[in-house]
Amino acid sequence: MAVLRNDFIWGAATAAHQIEGNNVNADFWVAEHAGLPHLREPSGDACDSYHRYREDIRLLAEAGLKAYRFSIEWARIEPERDQFSRAELLHYRDMIDACHEHGVTPVVTLHHFTSPRWFSQAGGFTGPDAVERFSRYVAAVCPILHDVEWIVTVNEPNILALFSRMTAAPDAKTEGESEAAGSEAAASDETATVAMAQMPTPSLDFAAAIAQVHRAAVQILRERTNAKVGWAIAAQAFTPTEGNEAVFEEVFHAWEGAYYEASEGDDFVGIQAYTSQPVGPDGPVPHPPSDDNTLTGWAYRPDALGLNIARVWEKYRLPIFVTENGIATDDDARRIAYTTGALQGLKDAVAAGAEVLGYTHWSLLDNYEWGSYAPTFGLIAVNRSGDFERTPKPSLAWLGRVAASHGENLS
Ligand code: BGC
């Protein structure tokens, strides 16, 4: 008997700011142009998917994948406070239609790290009217979501908790934050992006604030759509080093537990797993430099996915959707090897009882990795210095074959 459920969903994921290009009304666009040392290059045209999404969806479908997770960009829908763009709503509606035309299930994220400039300037998710502002955006989008089955309200709220610190100008930081920002910049010399262990611990106040935003969005979506609704958490597979179990508990709660707890009552929780993170006496321990590290400087840990699924299922009994998993590498054979290991871990966790609904690989395209194009996560390469030509890598067809075998054949 097959390990995975019959209706298990196989697909790939992207996010608007990372692939669309010229997302000029978003807060991250502003940060990209503020000369911050750890944001090495601006997103610019990205993959020009704002215009080429039909081709992206076609390539995904032709490979045999059945789901496309993408995000709707709030900064396009509401570029100025209370000014909603019908044209942009229709643009995203056409993306949903394109998915359906290709027999692809859209998995729609409503917020993937970027917010409109005006919202961030007014305090973002900890600002006084965040729940109301985000709710108005969600309500504005509902009419195009009537036949969407899967909606993720917020992508990685536990990393978003740190985004405002990562994108603030140095003089806007408090003393403690400046120190953390310093090590972020130092990390960026060796690795292309900010290493998780160099980030400050996300604040529980932020967790409480964003949980309210999420709960309000879930309620609106339940009233106005037929979708299954959840949010997607960055799962770090934290493991305590000897004698540091108490620190581990604290770290786990601040980074993840608070967010899983706020998922109670949702239809699923998205988990996004890349690597595992040891916890020492002072918190997460940076991954030591190693030839084995990925292009983001993270330890090569295909087992992280299975570890996270098993843990989340055991602790919270929430149905799990693996909304992201992948590797930054320029060696596509390594991508296949990593993903094979990760999917084996997923299957083992399911065999042991976890309820897992689907898997969308990060990422469909080589894209803008929040400050740099160097770490390539894509199943498809994009010629960004030419005509944006897409070149599928062997891993795309491989994942399509895995999907066709219902996950039975990982070789
Ligand atoms: C995010 C993506 C990001 C990926 C790899 C996740 O944290 O949701 O936007 O590109 O991991 O770093």
Which residue pairs have Cβ atoms under 6 Å apart, sit 6 or more places apart or on different chains, and have a first residue in region 388-411 that is free of Cβ contacts under 8 Å to residues at least 60 places away in the same chain and a second that is not aromatic (Phe, Trp, Tyr)? Glu389/Asn383; Thr391/Ala381
Which one of these is away from the ligand (no atom under 16 Å from the Cβ) and not hydrophobic (A, V, I, L, M, F, W, C): Asp27, Asp82? Asp82
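Where in region 28-106 are the helices (runs of 4 or more DSSP H), entirely inside, with at least 1 residues that are farther than 23 Å from Ser120 by Cα? Before the answer, list the steps.
Values: elements: 49-62, 74-77, 86-101.
Filter on region 28-106 gives 49-62, 86-101.
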For region 65-86, enumerate the residues that are out of contact with any strand residue (DSSP E or B) (no Cβ under 7 Å at 6 or more places or on another chain) and farther than 14 Å from Val141 by Cβ. Glu80, Arg81, Asp82, Gln83
So Thr114 ticks every box in (1) in contact with a helix residue (DSSP H, G or I) (Cβ under 8 Å, 6 or more places away or on another chain); (2) closer than 27 Å to Glu369 by Cβ; (3) at pLDDT 95 or above; (4) not in a loop (DSSP other than H, G, I, E, B) but one. Which box is left unticked? (4)
Determine which single condition Asp331 fails, assuming it passes every other condition in (1) closer than 29 Å to Ser263 by Cβ; (2) surrounded by fewer than 23 Cβ atoms within 10 Å (Cβ to Cβ). (1)
Across region 185-196, the tally of residues that are buried (at least 20 other Cβ atoms within 10 Å of the Cβ) and either among the aliphatic types (A, V, I, L, M) or at pLDDT 50 or above (or both) stands at 5
Test: Arg81 is surrounded by fewer than 19 Cβ atoms within 10 Å (Cβ to Cβ), closer than 22 Å to Glu389 by Cβ and basic (Lys, Arg): no
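Here are some residues: Val251, Val229, Val213. Which one is closer than 21 Å to Val356 by Cβ, among the β-branched types (Val, Ile, Thr), touching a residue at least 40 places away in the same chain (Cβ under 8 Å) and more than 16 Å from the ligand (Cβ to nearest atom)? Before the answer, list the steps.
On the way: Val251 fails: closer than 21 Å to Val356 by Cβ; Val213 fails: closer than 21 Å to Val356 by Cβ.
Sole residue among the options that is closer than 21 Å to Val356 by Cβ, among the β-branched types (Val, Ile, Thr), touching a residue at least 40 places away in the same chain (Cβ under 8 Å) and more than 16 Å from the ligand (Cβ to nearest atom): Val229.
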On the basis of being under 15 Å from Ser263 (Cα atoms) and surrounded by 19 or more Cβ atoms within 10 Å (Cβ to Cβ), does Ala232 make the cut? yes
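Considering each of Tyr92, Tyr68 in turn, give the residue that is away from the ligand (no atom under 16 Å from the Cβ), of a type in the set (Ser, Thr, Tyr), closer than 30 Å to Ala397 by Cα and within 22 Å of the chain's Cα centre (by Cα).
Going through Tyr92, Tyr68 in turn, just one is away from the ligand (no atom under 16 Å from the Cβ), of a type in the set (Ser, Thr, Tyr), closer than 30 Å to Ala397 by Cα and within 22 Å of the chain's Cα centre (by Cα): Tyr92.
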Is it true that some residue in region 363-385 is surrounded by fewer than 16 Cβ atoms within 10 Å (Cβ to Cβ), under 30 Å from Tyr50 (Cα atoms) and more than 17 Å from the chain's Cα centre (by Cα)? yes
Across (1) away from the ligand (no atom under 16 Å from the Cβ); (2) crowded, with 19+ Cβ neighbours inside 10 Å; (3) part of a helix (DSSP H, G or I), Thr339 clears everything bar (1)
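Quick check on this structure: which one of Asp291, Asp266 is surrounded by fewer than 17 Cβ atoms within 10 Å (Cβ to Cβ) and either on the phi > 0 side of the Ramachandran plot or of a type in the set (D, E, K, R) (or both)? Give the derivation first.
Details: Asp266 fails: surrounded by fewer than 17 Cβ atoms within 10 Å (Cβ to Cβ).
Residue meeting the stated conditions: Asp291.
With the condition being within 14 Å of the ligand (Cβ to nearest atom) and modelled with pLDDT under 95, I'd like the strands (runs of 3 or more DSSP E) fully within region 261-330 carrying at least 1 qualifying residues. Even if it seems obvious, please write down each step before you answer.
Numbers: elements: 269-273, 277-280, 320-325.
So the answer is 277-280.
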Can you pull out every residue in region 116-165 that is farther than 16 Å from Ala216 by Cβ and polar (S, T, N, Q)? Ser120, Gln121, Asn155, Asn158, Ser164
Return the total of residues in region 355-388 being within 11 Å of the ligand (Cβ to nearest atom) and on the phi > 0 side of the Ramachandran plot. 2
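The values are calculated or read from the model by the stated rules, or taken from the named source; none is laboratory data. Remember, predicted model here, so these are calculated numbers, not experimental data. Ideal geometry is used to build each Cβ from the backbone, glycine not excepted, and the neighbour counts take in all protein chains shown.
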